[in-house]
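Asker: This is the structure, below, for whatever I ask next.
The values are calculated or read from the model by the stated rules, or taken from the named source; none is laboratory data. In this text the structure is predicted, and so the values were computed from the model without any measurement. Because the Cβ atoms are built from the backbone with ideal geometry, glycine has one as well, and the counts that use them run over all protein chains shown.
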Amino acid sequence: MSTPDAPRRFGVITLFPEMFDSLACWGVTGRAHEQGLWALSLTNPREVADDRHGTVDDRPYGGGPGMVMQAPVMDRALERARERVGSEAKVVALTPQGRVFNDGLARELAKEQALIFVAGRYEGIDERFLEASVDLEVSIGDFVVSGGELPAMMVMDALIRLIPGALGHGDSANEDSFANGMLDCPHYTRPEAYRGAEVPGVLLSGDHRAIARWRRAQSLRRTMDRRPDMLTWQALSQEDRALLKEWQLNESE
Ligand code: 9D3
């Protein structure tokens, strides 16, 4: 028996700390939190605001709509977060201008024992804070959401799934879609016939090797049809071609 690993430590700087209850309380991430696999420490910039109203934002220099989160307030919030999470923690800000998150970046960030996430609101955060105090800016994709909290939770969820023991037995993060560069195969459960649609016969055959071959052929076909961009870097192998032919999924060749 070995001693359990120290929990992964996440700090978050946010004006809406209550939003993070959902990550700590529900589902796979909630169970992992209960098991002590990760710990969360929340810092609200209002705690360290300049005035008694808790002001954290001001009007943008140069004019324009919206407000900007002030660098001095954010730096004091970061100082507090470091006291709670550890001085060695990397600082990740969620911004629409960041590096687009993917499985590769998840695996890079999952190596860190401690991370502090900075979630912005309003039009954004003063650039001088991002330049001087943030190690990495991350975006979750080319669409607009209302703030950095949901993006931070998505990134944290992806990282928690990679903590050893966070997923149930037999459920490996390495078997998840994207780890192997392909989309998942289709899934079925009872009933065997539903609104005239039958479960594919091979899944009822009990032939586990045939089932594995069918699933891989389905993954390949769906990736070619729906996400051809995922396959451009790897040529289809002889074996893959044979699989598609075996299940008559090769018509578009
Ligand atoms: C007019 C320019 N907009 C920038 C695209 C203003 C703006 C919109 C939304 C500024 C901040 C936000 C809030 N979004 C985030 O904080 C955010 C985000 C996103 O909107 N899309 C994808 N990833 C992310 S990470 C943080």
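Asker: Tally the residues that are within 14 Å of the ligand (Cβ to nearest atom) and farther than 16 Å from L115 by Cβ, restricting the search to the range 61-92.
Answerer: 9
Asker: Separate question: So, in the range 59-83, exactly how many residues are assigned to a helix (DSSP H, G or I) and surrounded by 15 or more Cβ atoms within 10 Å (Cβ to Cβ)?
Answerer: 10
Asker: Now for a different question. Checking the structure you have, find out if any residue of the range 84-100 is touching a Pro at 6+ places or on another chain (Cβ under 8 Å) and under 25 Å from A179 (Cα atoms).
Answerer: yes
Asker: Given the condition surrounded by fewer than 16 Cβ atoms within 10 Å (Cβ to Cβ) and more than 10 Å from the ligand (Cβ to nearest atom), answer yes or no: does some residue in the range 93-100 qualify?
Answerer: Within the range 93-100, one or more residues are surrounded by fewer than 16 Cβ atoms within 10 Å (Cβ to Cβ) and more than 10 Å from the ligand (Cβ to nearest atom).
Asker: Evaluate the range 183-203: report whether one residue or more is in a helix (DSSP H, G or I) and not small (G, A, S).
Answerer: Yes.
Asker: Here's another thing I want to ask about it. From the list G148, G120, G98, G86, which residue is small (G, A, S) and on the phi > 0 side of the Ramachandran plot?
Answerer: The unique qualifying residue is G86.
Asker: Among (1) under 22 Å from the mean Cα position of the chain (by Cα); (2) exposed (fewer than 14 other Cβ atoms within 10 Å of the Cβ), there is one condition F20 misses while meeting the rest; what is its number?
Answerer: (2)
Asker: Would you confirm whether any residue within the range 42-49 is more than 14 Å from R9 (Cα to Cα), out of contact with any strand residue (DSSP E or B) (no Cβ under 6 Å at 6 or more places or on another chain) and not in a helix (DSSP H, G or I)?
Answerer: yes
Asker: Let me ask you something else. Looking at G27 and the list (1) assigned by TED's automatic domain parsing to the domain that holds I125; (2) on the phi < 0 side of the Ramachandran plot; (3) free of Cβ contacts under 8 Å to residues at least 24 places away in the same chain, which single condition is not satisfied?
Answerer: (2)
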